[in-house]
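Notes follow once the structure below has been shown.
The values are calculated or read from the model by the stated rules, or taken from the named source; none is laboratory data. Since we're looking at a predicted model, the values are computed, not measured. Glycine also receives a Cβ, built like all others from the backbone with ideal geometry; neighbour counts cover every protein chain displayed. With ligands, DNA and RNA removed, areas are computed over all heavy atoms of the protein, side chains included. Shrake-Rupley method; radii C 1.70, N 1.55, O 1.52, S 1.80 Å.
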Amino acid sequence: MTYRGKTLAACLLIGTLGAGGCGPTTAGTPTGPDVGKVADLPVTHFESGLKPDAPEPDIPVENATNDQADKIAIATIADVSQFWAETMPKDFGMDFQQVKRLLSYDSNTDTIEMCGRSVQGEINAFFCPPEDAVAWDRGELLPRLMKLYGDVAPIAVLAHEYGHAVQHRLGDKAGIPSDGPEPKTIVLEAQADCFTGAYFRWIVEGKSKYFQVSTAEGLNAALSTMYLVRDAPGKLAGEVGAHGTAFDRTLAFREGFTDGPKKCASYDEQLIRERTTQFRFSQSDRDRGDMPVTEDSVRLVKESLDRVFGGQGAPELRTTGGTCPDGSGTPPTSYCPDENVVTVDLAALAQIGTPIDRGREMAGEASAGKGDFAAYASLASRYTLAVQKAEGKPIDDMEAALRAACLTGAWAKGVQNPEQANGPVIRLSPGDVDEAILEMLQPESLIGSNVSGGQVPSGFLRVEAFGKGYLEGRDAC
């Protein structure tokens, strides 16, 4: 975010994965909030991953081992093959053929060639069209992802790569002409993310022989994997190799989960352009990174909220602590309805706003900070409770929590284009929205919580509500 030459922006780096957001609506968001369901399925909590009684996959994989990363990867290939064997005839009138070559490798030591190059040093997972092959790095990539997000992460990665194989089998039915140039990378990557979401729906519905995934922590892990492998701030959708922001990628995944493979196959460049959160840094955004959370910066955020919401119910801002006078609240920032005050513990909020450590993330370690916009969006979510109270809505139930996430998304969009008359005094910067996505996928996130901190029970729902506000505006909340 930018103000008179100051920058309050996120700086996220692109991931190493070689695998790759909507129109005026957000995928699957109900017209009325239902925090007990995810796309009409109940919110569930249990350990996600391989079933204890999962069968042994009977598929040929070169160079495979018996380690956990390979077990999950190979089971995913067997499982997602079954999904597409059932789905392609039903949805597209075509039989599905298994890919011709599957390769597991250790990027530290193996020198096997695929797609015209050695896999040594390829911390990656990829589909190679000329060889009709899927390969994955069990030495570095999958263990790092599993360290961060558990056994669900390899499922998401391999399902995405298999989605690319599906694209080439669908051809024209997925917008890939047989005698012309392929769609831009961003379209192919978004479509593969969408196909991944459709496959996860199949698992969640209990149709998988190999896996079980909950709609709370399990889908959180899948969305977190989408978050991790995101484009760097400032990269544009039209550039070669673009995969999308975390917002774009999680949106495609959610759309596939909600609407199914036919929707994914309809993706085109126009759709991506209409909804992507990729844009250039402004000339005034000189720092191109995070600015520390200070009293001045949070007051600018408060002023922007006043302008975006027209001053409706505008609370007073106090930076003397993150709780209410009676000790209640949701530190590090709270809304105190009796006084119509938002309070902030600057030091604690600044910890959330510490720049993301991309090196730690890619090494399989959680970053201590989540970026400045994660902090400011948390503050904004408390402000939106005052807006709801001014409208006569309850602020202590789960519907209030869902509206808080939605209204925070509407504010984020409002500060993306501040040039309009009487517009906000700060500007959204590339990468900021991704920081909010990261924050919403945390179990302690305030975005998507009510006045007492009661949280919408699924990260999928929190991210969905935020996206609805961002794409459709305040009235959609």
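Worth a mention:
- Total residues in segment 250-269 satisfying the condition of being modelled with pLDDT under 95 and within 17 Å of the chain's Cα centre (by Cα): the figure is 0.
- Checking each residue in segment 198-218 for being in contact with a Ser or Thr (Cβ under 8 Å, 6 or more places away or on another chain) and of a type in the set (Phe, Trp, Tyr) picks out 202, 210, 211.
- Residue within segment 84-97 that is buried (at least 16 other Cβ atoms within 10 Å of the Cβ), part of a loop (DSSP other than H, G, I, E, B) and of a type in the set (Val, Ile, Thr) present: no
- For segment 438-468, residues that are open to solvent by less than 10 Å² (accessible area, probe 1.4 Å), over 16 Å from residue 255 (Cα atoms) and outside any loop (DSSP other than H, G, I, E, B) total 3.
- For residue 334, the requirement of being open to solvent by less than 50 Å² (accessible area, probe 1.4 Å), at pLDDT 95 or above and either part of a strand (DSSP E or B) or over 30 Å from residue 37 (Cβ atoms) (or both) is met.
- Filter result for the condition that a residue is crowded, with 19+ Cβ neighbours inside 10 Å and either at pLDDT 95 or above or in contact with a strand residue (DSSP E or B) (Cβ under 7 Å, 6 or more places away or on another chain) (or both), over 131, 140: 140
- Considering (1) open to solvent by 50 Å² or more (accessible area, probe 1.4 Å); (2) at positive phi, the lone condition that residue 329 does not fulfil carries the number (1).
- Selection from segment 349-361 of residues that are of a type in the set (A, V, I, L, M, F, W, C) and over 27 Å from residue 311 (Cα atoms): 356
- Looking only at segment 270-324, and only at residues there that are acidic (Asp, Glu) and modelled with pLDDT under 90, the one that is least open to solvent (accessible area, probe 1.4 Å): 285
- Residues satisfying the criterion are present in segment 371-391 (criterion: part of a loop (DSSP other than H, G, I, E, B) and modelled with pLDDT of 95 or more).
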